[in-house]
Protein chains: 2
Amino acid sequence: MDIAKKRVVIVGGVAGGATCAARLRRVDENAEIVVLERGSHVSFANCGLPYYVGNVIHDESKLLLATPALFQERFNIDVRTRNEVTAIHREERFITVRNLETGREYREPYDALVLSPGALPICPPWPGIRLPGIFTLRTIPDSRHMRDWIDARNPRTAVVVGAGFIGLETAENLAHRGIAITLIELADQVMPPLDKEMAAYAQQRLEAQGIELRLGDGVTGFEQHHNGALRVHTQAGAAFDANMVVLALGVRPQTQLARNAGLELGERGGIRVDEQMRTSDPGIWAVGDAVEVRNRITGAWELIPLAGPANRQGRVAADAICGRDVQYEGALATAVCGFFGLTVALTGATEKALSRAGIEDYQAVYLHPNHHVAYYPGAHPIHMKLLYRKSDGRVLGAQAVGDAGAERRIDVIATAMQMKATVHDLEEAELCYAPQYGAAKDPVNLAGFIAGNALRGDMAFAPWDCVHSTSAFLLDVRELHEFRAGYIPGCVNIPLGQLRSRLSELPRHKDIWVTCGVGQRAYYACRILSQHGLRARILSGGYSTYCVLYPEKSGRARETEVAKVELQADPVSV
Amino acid sequence: MDIAKKRVVIVGGVAGGATCAARLRRVDENAEIVVLERGSHVSFANCGLPYYVGNVIHDESKLLLATPALFQERFNIDVRTRNEVTAIHREERFITVRNLETGREYREPYDALVLSPGALPICPPWPGIRLPGIFTLRTIPDSRHMRDWIDARNPRTAVVVGAGFIGLETAENLAHRGIAITLIELADQVMPPLDKEMAAYAQQRLEAQGIELRLGDGVTGFEQHHNGALRVHTQAGAAFDANMVVLALGVRPQTQLARNAGLELGERGGIRVDEQMRTSDPGIWAVGDAVEVRNRITGAWELIPLAGPANRQGRVAADAICGRDVQYEGALATAVCGFFGLTVALTGATEKALSRAGIEDYQAVYLHPNHHVAYYPGAHPIHMKLLYRKSDGRVLGAQAVGDAGAERRIDVIATAMQMKATVHDLEEAELCYAPQYGAAKDPVNLAGFIAGNALRGDMAFAPWDCVHSTSAFLLDVRELHEFRAGYIPGCVNIPLGQLRSRLSELPRHKDIWVTCGVGQRAYYACRILSQHGLRARILSGGYSTYCVLYPEKSGRARETEVAKVELQADPVSV
């Protein structure tokens, strides 16, 4: 047993900090461990807050995963809530703390210091932003205030500012309470982390649920009517009246303490750490929403305010403090969001993120498989986008949207990516299949097949962004009745079954871009054409993808229609 | 374009054969492709048959995924149903075929021959086995006969012989039709592919649904009463009366054609093939239920009658025939079965399979996490068993049982195993998390943590099979009220929160085996004890696992009680 006890002080006791503390105790029974939390709660379920507001979770106490008393009893950890750390004295290795209840200031020495201060909701200095009825949602008290307001005033209308994950979860939960929602988002799409055409499915669902969307417009300020109602003004000069407003503009890492102490910050404004989560001061670690982490795919430094990575980082920091050989390998930023029955999940890089990182060696494929075999009742399409490296087939990212099974396929692809899989590994994935669970050729396999076929040279992709300007011959191989219901302008229709006998109708010295409903028949057609010496390429994902890429052209991007995905045309999906 | 067209004949047109045919066409537009199928249908949804019997799938036509006409039109493939191949003439490269409609025999020459004859239900020569009212379920006509029988006679009782996947799916579907079920199984457990203690959860669910189970007893024969009812006799001398009987004893590969042609068979009775699915004759390939494949984990040859591997093999054979460089890497045998709301999923090796293969370098861990965070309504436990190699941490297999989310975790672990992951990779898996989808520490992460902790030497496992005979000190660290509700005989109770102050009550020179509800608090206790110089080990999975390992001792293995899994005691599961 050590005689000199190590003294570890942790600033912030929610996800990363609490995990770090508990892990430290397991690794070192003798360490003195102190957790200082400015807020009223440690280790609370912040991901549950929208659902507490929506009364899906009835009982506030359920949000408290662990109390200071439990930390003391179970882990022999000294947890002090409402204690704010005000300064770090790096040379002398102590911090100053203010007890927010008593106002008393005191010093706390440390051998190792862990910063887990988290992030704060972004609150721009808009006129009127402090008006009553305007909320953010980050803490249990925040959610209680919002709940109490709703219970007391029974608001009929709300404006949610920001259509990211929290904004959409909050919108759904307010709608669940009977409140009519207007959603204002500065970007020209909902869910800005997603690629725009994938976010279109979310947008369709929100609209179908009666959420009023105001995209591509920003808030400029708030006013209060004499009757108490709020008016929200936008950059475009519009105004929206509402009984309440929720700001869901994202979060900003809490770095003031680190900055004041002269610790290095990164380009994205988070605390810079090494692979052991150590800051530029070798006695100070940092974890969670306040740090920048490497994106495993692009290598870019990013702010990834997610609970999973925060927990992992807390564990790595604890091990590193105890002298263990560990590394944080960066984040894939796997994430999921559910609202109005729709699941939106993603992992790794989006096309946007690749562009931002200057990466051009990639290909996107689209597919729309059913979440289980079509012959079993209740099949729903999963709209998927897979990104892979053209030069070697490495999987770079995936997005999936659907009523069922989207998170499962993203989990599989995330695991494959973690293991540095190529699309050929996805082709071979051996996943759970029974009729109510999937298909013998799972959506993940299909994504692998499509990409693998292209990598093997069995087919080539035409660029969707040139579909309206190309001089290529556009060929749609669906049946006539499908074609008539909607098609890409300029397409000629030859059903797949007639293709072999009608080859003479096709140009021999011109590119032929082939499409169908979801891409499968186009691929079959491509194989026929290219083996007959014609120059064929496919428009990945077919007309279903066209409808989200060009909703204004197709004029029928409504989810109800797009979702009518054809039965898997490939035989033997048993 | 080739002048000499390759002529490929495929024997059998369901999963592997139909996939092989369609893939061949995509790779070689010029090949002549003939599919000969003895039955009335190609490419039908055999996995859907129990659900057609149960009227979950109403319409028989939904089971037909592709018709001969579609194969002709779309793929230019000549599909002939009701044509049975009677002999292979390897030297001259032709087969003889009998048209079962006309009786005509004819020859069909081939350049490449693919055998995809499938498997037949096992039907032992028991007395009375041909009596009316005794069914097997393998083809569409089989399912139609069973449906018609049920519609016409409205049976009140049925005996299902065999409690494997098909037996259980059939039992559920018959119960769905209002029929009381007795399930007879020769093994001493249901779902013989699973380890017995994991199958216990399935057994509990079946019993809770009123299915009468007769385990460890075999059928010896059948009699018919004068009123038409059937009597089923068993080895143990019991007799069961029923209005109908379903035989679900598994399948036997159809190898007569291969055997008669002198092709090499394997030790398990299937056709032996190489990594390109080629038989001992270089002009003949074989795929699907009739072949033996290498288990990716144990390396053993196995019969794996699953649709996913069959499709993959069909694809590999087609590519190989066209001269492409491909390999079939063997199977993980990932599988899933759902009945009465329960999902049972597995991948890779079970403990049974490891023993059979003579592999001793492994460790089993048990866990019982919730499928999503406990604070969000509707959380269900997933009972999991993970097997890994002790020497290097490689994941060897996993089984999961639960009302929700089991297949998703098995898919993730299957993907990890395919990529040769270790348990440390499971620790780092970055999976989808929002409150309704999982936990920041996903069940997969938890499985990795437990195994990783052991591999790092932070804890050790006590062997469950010695729990009643050991001289070790048995310590249960749950709260007193939990302990009182049921405990392992001989256990002493010291709640975790009191452990540090009661260390003197524990023996210093004796092994201490620690248990709790699901294993988490036992691990915390272990860390405390071992850092205080005591020799502690944990009983993996805690009392929840004890209840399925020793249902007769615990006397409370009823699912309703076992399923009361404690709230995750680890803070910060947000």
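Tell me, which residue of the stretch B:142-152 that is over 13 Å from B:G48 (Cα atoms) and out of contact with any strand residue (DSSP E or B) (no Cβ under 9 Å at 6 or more places or on another chain) is surrounded by the fewest Cβ atoms within 10 Å (Cβ to Cβ)? The qualifying residue surrounded by the fewest Cβ atoms within 10 Å (Cβ to Cβ) is B:A152. From the list A:G167, A:G178, A:G221, the lone residue that is of a type in the set (G, A, S) and part of a loop (DSSP other than H, G, I, E, B) is A:G178. Just to be sure, is B:L137 within 26 Å of A:P435 (Cβ to Cβ), out of contact with any Lys or Arg (no Cβ under 9 Å at 6 or more places or on another chain) and either at pLDDT below 95 or at the interface with chain A (Cβ under 9 Å from one of its Cβ atoms) (or both)? When the stated conditions are applied, B:L137 does not pass them.
When restricted to residues that are outside any loop (DSSP other than H, G, I, E, B), within 14 Å of chain B (Cβ to nearest Cβ) and aliphatic (A, V, I, L, M), the stretch A:329-361 contains 7. Of all residues in the stretch A:80-137, count the ones that are closer than 30 Å to A:R231 by Cα, touching a residue at least 24 places away in the same chain (Cβ under 8 Å) and charged (D, E, K, R). Within the stretch A:80-137, residues that are closer than 30 Å to A:R231 by Cα, touching a residue at least 24 places away in the same chain (Cβ under 8 Å) and charged (D, E, K, R) number 0. Taken as a whole, the condition of being more than 16 Å from A:Q418 (Cβ to Cβ) and crowded, with 24+ Cβ neighbours inside 10 Å applies to B:V401.
Scanning the stretch A:230-244 for residues that are surrounded by fewer than 16 Cβ atoms within 10 Å (Cβ to Cβ), under 23 Å from A:D142 (Cα atoms) and in contact (Cβ under 8 Å) with a residue 40 or more places away in the chain turns up at least one hit. Would you confirm, using the coordinates I've provided, whether B:V291 is surrounded by 18 or more Cβ atoms within 10 Å (Cβ to Cβ), under 26 Å from the mean Cα position of the chain (by Cα) and assigned by TED's automatic domain parsing to the domain that holds B:N30? When the stated conditions are applied, B:V291 passes them. What do you reckon, is B:G497 touching an Asp or Glu at 6+ places or on another chain (Cβ under 9 Å), closer than 24 Å to B:R394 by Cβ, without any contact (Cβ under 8 Å) to a residue 60 or more places away in the chain and not hydroxyl-bearing (S, T, Y)? The answer is no for B:G497. Restricted to the stretch B:124-141, and to residues that are among the β-branched types (V, I, T), in a loop (DSSP other than H, G, I, E, B) and within 25 Å of the chain's Cα centre (by Cα), which residue is surrounded by the fewest Cβ atoms within 10 Å (Cβ to Cβ)? Among them, the one singled out is B:T139.
The condition (being free of Cβ contacts under 8 Å to residues at least 60 places away in the same chain and over 27 Å from B:A462 (Cβ atoms)) is satisfied by just one residue among B:P305, B:P309: B:P309. Of everything in the stretch A:360-378 that is of a type in the set (A, V, I, L, M, F, W, C) and farther than 30 Å from B:N46 by Cα, the residue that is surrounded by the most Cβ atoms within 10 Å (Cβ to Cβ) is A:V365.
Listed by first and then second residue, the pairs with beta-carbon distance under 8 Å, at least 6 apart or on different chains, first residue in the stretch A:415-433 and touching a residue at least 40 places away in the same chain (Cβ under 8 Å) and at the interface with chain B (Cβ under 8 Å from one of its Cβ atoms), second in a loop (DSSP other than H, G, I, E, B) and of a type in the set (G, A, S), are A:Q418/B:A429.
The single condition among (1) more than 19 Å from B:N99 (Cα to Cα); (2) over 27 Å from the mean Cα position of the chain (by Cα) that B:R80 does not satisfy is (1). Condition (residue is of a type in the set (G, A, S), farther than 17 Å from A:V518 by Cβ, out of contact with any Gly (no Cβ under 9 Å at 6 or more places or on another chain) and more than 11 Å from every other protein chain (Cβ to nearest Cβ)) applied to the stretch A:388-409: is it met by at least one residue? Yes, that holds for at least one residue. Under the condition of being in a loop (DSSP other than H, G, I, E, B) and at the interface with chain B (Cβ under 10 Å from one of its Cβ atoms), which residue from the stretch A:21-46 is nearest to the chain's Cα centre (by Cα)? Result: A:A45. In the stretch B:76-94, the residue that is nearest to the other protein chains (Cβ to nearest Cβ) out of those that are outside any loop (DSSP other than H, G, I, E, B) and in contact with a Leu (Cβ under 7 Å, 6 or more places away or on another chain) is B:R80. The listed residues are A:L100, A:L49, A:L115, and the only one of them that is more than 11 Å from chain B (Cβ to nearest Cβ), at pLDDT 95 or above, within 27 Å of A:P305 (Cα to Cα) and crowded, with 18+ Cβ neighbours inside 10 Å turns out to be A:L115. Restricted to helices (runs of 4 or more DSSP H) entirely inside the stretch A:434-526, those with at least 3 residues that are aliphatic (A, V, I, L, M) are A:443-455. For beta carbons closer than 8 Å, sequence separation of 6+ or different chains, a first residue in the stretch B:471-488 that is in contact (Cβ under 8 Å) with a residue 24 or more places away in the chain and on the phi > 0 side of the Ramachandran plot and a second that is outside any loop (DSSP other than H, G, I, E, B) and not aromatic (F, W, Y), the qualifying pairs are B:G486/B:C547; B:G486/B:S554; B:G486/B:E561. Set side by side, the residues A:A317, A:A357, A:A349 differ, and just one is within 20 Å of A:P192 (Cα to Cα), among the small types (G, A, S), buried (at least 22 other Cβ atoms within 10 Å of the Cβ) and outside the structural domain of A:L549 (by TED's automatic domain parsing), which is A:A349. Looking at this structure, is A:E73 surrounded by fewer than 23 Cβ atoms within 10 Å (Cβ to Cβ), modelled with pLDDT under 95 and facing chain B (nearest Cβ under 9 Å)? Considered against the rule, which asks whether it is surrounded by fewer than 23 Cβ atoms within 10 Å (Cβ to Cβ), modelled with pLDDT under 95 and facing chain B (nearest Cβ under 9 Å), A:E73 comes out as yes.
Scanning the stretch B:497-516 for residues that are surrounded by fewer than 24 Cβ atoms within 10 Å (Cβ to Cβ) and touching a helix residue (DSSP H, G or I) at 6+ places or on another chain (Cβ under 8 Å), which turns out nearest to the other protein chains (Cβ to nearest Cβ)? Result: B:G497. When the residues of the stretch A:300-328 are filtered to those that are of a type in the set (A, V, I, L, M) and outside any helix (DSSP H, G or I), which remaining residue is nearest to the other protein chains (Cβ to nearest Cβ)? The extreme case among them is A:L306.
List the residue pairs whose Cβ atoms are under 6 Å apart, where the first residue sits in the stretch A:366-379 and is more than 10 Å from every other protein chain (Cβ to nearest Cβ), the second is at pLDDT below 95, and the two are 6 or more positions apart or on different chains. That search, which allows pairs on different chains as well, returns A:H368/A:V565.
Filtered by the rule that a residue be at negative phi and under 23 Å from the mean Cα position of the chain (by Cα), the stretch B:107-123 gives B:S116, B:P117, B:A119, B:L120, B:P121, B:I122, B:C123. Scanning the stretch A:421-473 for residues that are over 30 Å from B:R409 (Cα atoms), hydrophobic (A, V, I, L, M, F, W, C) and within 26 Å of the chain's Cα centre (by Cα) yields one hit, A:W464.
The values are calculated or read from the model by the stated rules, or taken from the named source; none is laboratory data. From a predicted model like this one, the values you see are computed outputs, not experimental measurements. With ideal geometry, Cβ positions are generated from the backbone for all residues, glycine too; neighbour counts draw on all protein chains shown.
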